[in-house]
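A short worksheet on the structure shown next.
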Amino acid sequence: MSAMSPAPSAAPPPALADATASDAALRRFLHGLPGVDAVGLEARAAMLGTRSIKTTAKAYAIDLAISMIDLTTLEGADTPGKVRALCAKGVNPDPTDRTVPKVAAICVYPDMVATAKEALATGGGQDVKVASVATAFPSGRAALDVKLADTRDAVAAGADEIDMVIDRGAFLSGRYLRVFEEIRAVKEACARTDGEDAHLKVIFENGELSTYDNIRRASWLAMLAGADVIKTSTGKVAVNATPANTLVMLEAVRDFRATTGRQVGVKPAGGIRTTKDAVRYLVMVNETLGDDWLHPDWFRFGASSLLNDLLMQRQKLTTGRYSGPDYVTVD
């Protein structure tokens, strides 16, 4: 089943249903997960980051990375004009080269979803998704009814994907069942009666979770609650996606599929700015998960500036030289 196909249910897999039967059971399950060897994890992430790839593979990797981007604008100063321009860039990243693939999605605030949907529909981007942050992004500090209203508004406006943030305060204080039930409620708010449900990406804010063990626990908790994709960060804090904290999540989705048969996607976000960064993550996905996850349905980059560097590196491979600064647009 594609990650972009309707998820059958947000209920935990039968084999793990007991793990979410109570707060005590969920705590017991999450704290019973194998501990993360921080030294070994960071060494493996660093080792994978040194892998070199041939020119032909690099050309493929650049196009794959472009097709995996959630092209993002999440600023208080966003305007309909800025969102339309971003949509045009997502559909046609390089107006001089029609062979450049489209991005996977445009990611905006809920009040810009309708603008993005219209711009994509009229600009040849019907197959580009619209993702919306929700649930009091980026802090997650709001009452549940406010978070659900935020989600329903985005879904009603046409959002294909919802990027929610977990309640880190509840998670860090050990109130795991509260976090689980909130994710389940948001998942239900993604439902549509007249079409495909919006897909749910669950953001952990890894930089605030403090330990790799917590990132592993958050990964399993979100997947048990029905997340379609697990996401590292909001991009709004000092520490966002890193190779090591993303590797914890990649290993979690691998183990979750081995246990349940259900595949879940991963989205690192924040701080991924260069082609070298993107290739490092793709190598890590390939070495940890294999080809099954090397597709925009299963792996995304949350980024705003990455696309420009990918385009410049792509042209360098094609022509042997870099263009001037006017070659790419400044978002």
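The values are calculated or read from the model by the stated rules, or taken from the named source; none is laboratory data. None of these values were measured; they are calculated from a predicted model. Note that we place each Cβ from the backbone using ideal geometry, even for glycine, and neighbour counts take in every protein chain shown. The protein model used for the area step is the full one, side chains on, heavy atoms only, and it has no ligands, DNA or RNA in it. Shrake-Rupley method; radii C 1.70, N 1.55, O 1.52, S 1.80 Å.
Points to keep in mind about this one:
- Residues satisfying the stated conditions in segment 280-313, i.e. assigned to a helix (DSSP H, G or I) and either of a type in the set (Ser, Thr, Tyr) or touching a Cys at 6+ places or on another chain (Cβ under 6 Å) (or both): Tyr281, Thr288
- Taking the listed residues Ala65, Ala46, the one that is of a type in the set (Gly, Ala, Ser) and open to solvent by 50 Å² or more (accessible area, probe 1.4 Å) is Ala46, with no other qualifying.
- Considering residues of segment 283-322 that are over 17 Å from Pro95 (Cα atoms) and aliphatic (A, V, I, L, M) only, the residue modelled with the lowest pLDDT: Ala303
- Among the residues here, Cys107 does not qualify as in a helix (DSSP H, G or I), in contact with a strand residue (DSSP E or B) (Cβ under 6 Å, 6 or more places away or on another chain) and within 19 Å of Val130 (Cα to Cα).
- Among the residues listed as Gly195, Gly169, Gly140, the single one being at pLDDT below 95 and farther than 22 Å from Ala121 by Cβ: Gly140
- Residue pairs whose Cβ atoms lie under 7 Å apart, sitting 6 or more positions apart in sequence or on different chains, and linking a residue in segment 252-276 that is more than 11 Å from Ala241 (Cα to Cα) to a partner that is small (Gly, Ala, Ser) and modelled with pLDDT of 95 or more, are Ala252/Ser219; Val264/Ala227.
- Thr234 passes every criterion in (1) touching a residue at least 40 places away in the same chain (Cβ under 8 Å); (2) over 22 Å from Tyr109 (Cβ atoms) apart from (2).
- When the residues of segment 30-43 are filtered to those that are surrounded by 12 or more Cβ atoms within 10 Å (Cβ to Cβ) and not charged (D, E, K, R), the one that is nearest to Ala218 (Cα to Cα) is Leu30.
- Among (1) more than 29 Å from Ala189 (Cβ to Cβ); (2) at pLDDT below 95; (3) among the hydrophobic types (A, V, I, L, M, F, W, C), the one test that Leu247 misses: (2)
- Taking residues in segment 302-329 that are more than 22 Å from Thr242 (Cα to Cα) and open to solvent by 50 Å² or more (accessible area, probe 1.4 Å), and partners anywhere that are modelled with pLDDT under 85 and part of a helix (DSSP H, G or I), the pairs with Cβ atoms closer than 8 Å and at least 6 places apart or on different chains are Met312/Tyr327; Leu317/Thr55.
- The residues on offer are Val248, Val237, Val266, Val253, and the sole one that is surrounded by fewer than 18 Cβ atoms within 10 Å (Cβ to Cβ) and either touching a Ser or Thr at 6+ places or on another chain (Cβ under 9 Å) or in a loop (DSSP other than H, G, I, E, B) (or both) is Val237.
- For segment 222-254, filtering for residues that are within 15 Å of Leu209 (Cβ to Cβ) and in contact with a strand residue (DSSP E or B) (Cβ under 8 Å, 6 or more places away or on another chain) leaves 11.
- All conditions but one from (1) in a loop (DSSP other than H, G, I, E, B); (2) closer than 18 Å to Gly207 by Cβ; (3) open to solvent by 20 Å² or more (accessible area, probe 1.4 Å) apply to Asp277; the one that does not is (1).
- Hey, Ala119 touching a Lys or Arg at 6+ places or on another chain (Cβ under 7 Å), within 18 Å of Thr234 (Cβ to Cβ) and free of Cβ contacts under 8 Å to residues at least 40 places away in the same chain or not: no
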